[in-house]
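Working notes, beginning with the structure itself.
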Amino acid sequence: MYRYDEFDERFVRERVAQFRDQVARRLDGSLTEEEFKPLRLRNGVYLQLHAYMLRIAVPYGTLSGRQLRQLALIAERYDRGYGHFTTRQNIQFNWPKLRDVPAILDLLADVEMHCIQTSGNCIRNVTADHFAGVAADEVEDPRPTAELIRQWSTNHPEFCYLPRKFKVAVTGAEEDRAAIGVHDVGLRLLRHPETGALGYRVLVGGGLGRTPIVGKVVREFLPKAELLAYLEAVMRVYNAEGRRDNKYKARVKILVHELGEEEFARRVEAEFAQLDGPSINADPEEVARIAAYFAPPAYESLPARSARLEAAKATNPALAGFVTTNVFPHRVPGYAAVTVSLKLIGGAPGDATAEQMRAVADLAERYSFDELRVSHHQNLVLPHVRQDDLPAVFAALAAAGLATANVGLVTDIIACPGLDYCALATARSIPIAQSVAERFRDPVRQQEIGPLNIKISGCINACGHHHVGHIGILGLEKNGIENYQITLGGDASEKTALGERLGPGIAAEEVPEAIERLVEVYLAARGAGESFIDTTRRIGLEPFKAAFQSFARKEVQDAAA
Amino acid sequence: MAKPNQPPLPSILIANDLLDGEVLFRTVSGWSPAVADALVAEDLATARQLEAEAAAATRRQEVVDAYLVEIARDAAGRPVPTHYRERIKTLGPSHRPDLGKQAAEAPAAGR
Ligand code: SF4
């Protein structure tokens, strides 16, 4: 894992000291709320519905046991005993007191964490594939790239006041688990088809929110060493030409869309040609220094199949079920990555209590080279577990109430905090996720339905990624009542697609039944081994629309009767 | 519906405490964490006074995000916001009866 050097350490400590002073000045009245708001936002402090909220950066979703333990301590000491993992691989606390925030930031700095660039019109926390360094289909671990971008973008004087926030995601794998198609910049590490050299495919202008757009490839192959100069060129074009007159048109996706991708790419290339590459691109020594932090851990050489695991599975069907859903193959024989689902039936998606955090931290330290990940699906991952240890890990997770075997299934629902916490929300998300999960709680049925991503947002800002849910749910307000729009066919993978609306919005109570109808259409139409999204692609939207609309119409009639 | 620039009626003044973020309600003489204590503006003049108080209290660094919220009365005569957003704000997260103001009324409720 990346460790702070003195520069990082000093920078973070200075920021804490500055913020402590700013809070003191706010409290003694020398700063007004207008003056203070941008300062608090730059340190991750938002005002939500019931309280302040603190958003803590988890760069590329990688944490150590010690860091997660510290988050547990903060949850207990300064919050209400839990935290919320977000679709940006960050963690949020929902109840901190403003006066306590400097002390919390100190605790974070003790474990090399902070809240910088979790808010505001800057380059935000860089996200990455949660199976980085694990997946067999990966050409290179994306985290050194993400770390390089983090260092380059942190307090970059030119890019502190962008037209709008800017989100970068990186993957090194063929299968896109980082949703790079819906980020301002999406990077995919790949090998040049002829030379075999490493480089990036660069996507720009993806994003969700009120204008969802899939990112466009502006460079099919960028040599790896030229990354920062190219990104600088992208940022310059955006910074100079992105719209500042209208907040809703200020993201780079609008610029790419308005200019057209060819013209945008042409301007980037022109800027790139003018930049002094060698003075911007990272020094190869520095690149190597960063990469060394992400060197693979000291794996043992093990047989590809664990006899101990097989024997345990044969006598423990719950373990066998868990391995089927929550265990991902590791590139190294004898190892596996374990996803710890934070989608407990009856819980809030992404929430973890302090005890649960400690339980996972213990497991990371004991069984996973002291490493864990936060996935953008709002789950945690133990990336490097010996298959021999899976029975023990499963038992420990079960004891902590964390052995829910539903990863990728219909109850593994992404949901933003929605109106239960968020000041911007138009409707609640969490109770919707809970009612759908409750409806589909039977594990046998979940298995039978297979992979199905439901994603819920409590407003048009789309933090719950509803546009790219196989089934997307968007909470709105209609005539003073919460109303939910259902979309179908979205996909956050390398086959990025935006869902389409199925019909009129429906009431909260109707959502589980509506999902049921969509699942029925799928089950009736699917071919052998065909997943929900594949069936959707093959048969198209119409059969789903018909089922949904006849349901929605009937509900309206019943309500009127 | 209130007209533009017309405060809603009847209404109460709601805000977050500057220091700890807690939701507060303006009373006759100060701020209370309990909605039942809120001063209800039944007429335009009182609502205007509450608006002035919102600006003044913000300037005095007592609260942030102060604004008027339309209410109705429940059976016991207590003010209840008419909009679900503000109702949630006066209660707490709807899926966590153990948190927020509602927790005081239902201390035994679990997750
Ligand atoms: S999607 Fe809307 S409601 Fe949900 S967290 Fe984002 S801003 Fe809040």
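Quick look at the numbers
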quantity: Helix-derived mean residue ellipticity, 222 nm - over chain A, DSSP H n ≥ 4, -39500 (n - 2.57), to 500; calculated: -12000 deg cm²/dmol
quantity: Pairwise centroid distance, computed over Cα atoms, of the stretch A:514-544 with the stretch B:28-97, Å; calculated: 48
quantity: Positive dipole terminus of chain A, leading residue within A:154, A:391, A:504 (C-beta point charges); calculated: A:504
quantity: Under 19 Å from the Cα of residue A:455 - lysines, other chains or at least 8 residues apart; calculated: A:343, A:495, A:545
quantity: Reciprocal of mean inverse Cα separation for the stretch A:320-405 (Kirkwood radius, Å); calculated: 12.7
quantity: Spatial separation of Cα centroids for the stretch A:65-110 and the stretch A:166-243, in angstrom; calculated: 31
quantity: Most positive-pole-ward Cα, A:98, A:287, A:126, against dipole of chain A from beta carbon charges; calculated: A:98
quantity: Cα-centred dipole magnitude for chain A, charges only on beta-carbon of K, R (+1) and D, E (-1), debye, nearest 20; calculated: 940
quantity: Kirkwood Rh in Å, taken over the stretch A:418-560 so that all alpha-carbon pairs contribute; calculated: 15.3
quantity: Charge dipole magnitude, Cβ of K and R +1, D and E -1 - the stretch A:422-540, Cα centre, debye nearest 20; calculated: 180
quantity: Calculated diffusion of the stretch B:11-105, Stokes-Einstein form, Kirkwood radius summed over Cα pairs, 37 °C and 0.692 mPa s, µm²/s; calculated: 244
quantity: Principal axis dimensions, the stretch A:6-110 - Cα atoms, whole angstrom, descending; calculated: 40, 37, 24
quantity: Cα-based radius of gyration of the stretch B:51-92 once divided by 2.2 N^0.38 Å, which approximates compact folds; calculated: 1.36
quantity: No Cys partner within the rule (Cβ under 4.7 Å), the protein assembly as shown; calculated: A:115, A:122, A:160, A:422, A:459
quantity: Residues of type lysines that residue A:37 reaches as a straight line, Cα spacing below 22 Å, ignoring anything fewer than 8 places off in the same chain; calculated: A:97, A:165, A:167, A:247, B:89
quantity: The stretch A:398-410 - phi-based ³J(HN,Hα) in whole Hz, Karplus 6.51/-1.76/1.60, Gly and Pro as x; calculated: 4, 5, 8, x, 10, 9, 4, 9, 9, 4, x, 8, 4
quantity: log10 of Debye I(q)/I(0), alpha-carbon scatterers only, for chain A at 0.11, 0.13 Å⁻¹; calculated: -1.04, -1.48
quantity: Cα centre as origin, Lys/Arg/Asp/Glu Cβ charges: the stretch B:11-105 dipole, Debye; calculated: 120
quantity: Leading residue at positive end of dipole, the protein assembly as shown (Cβ point charges), from A:529, A:228, A:248; calculated: A:248
quantity: Residues of the stretch A:348-368 with amide N under 19 Å of a point placed 7 Å along Cα→Cβ from residue A:300; calculated: A:363-368
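Any read-out appearing in this document is the output of simple, stated calculations on the displayed coordinates, not a laboratory observation. All values reported here derive from a predicted model rather than from experimental measurement. Quick reminder, even Gly has a Cβ in these numbers, built from the backbone with ideal geometry, and neighbours come from all protein chains shown.
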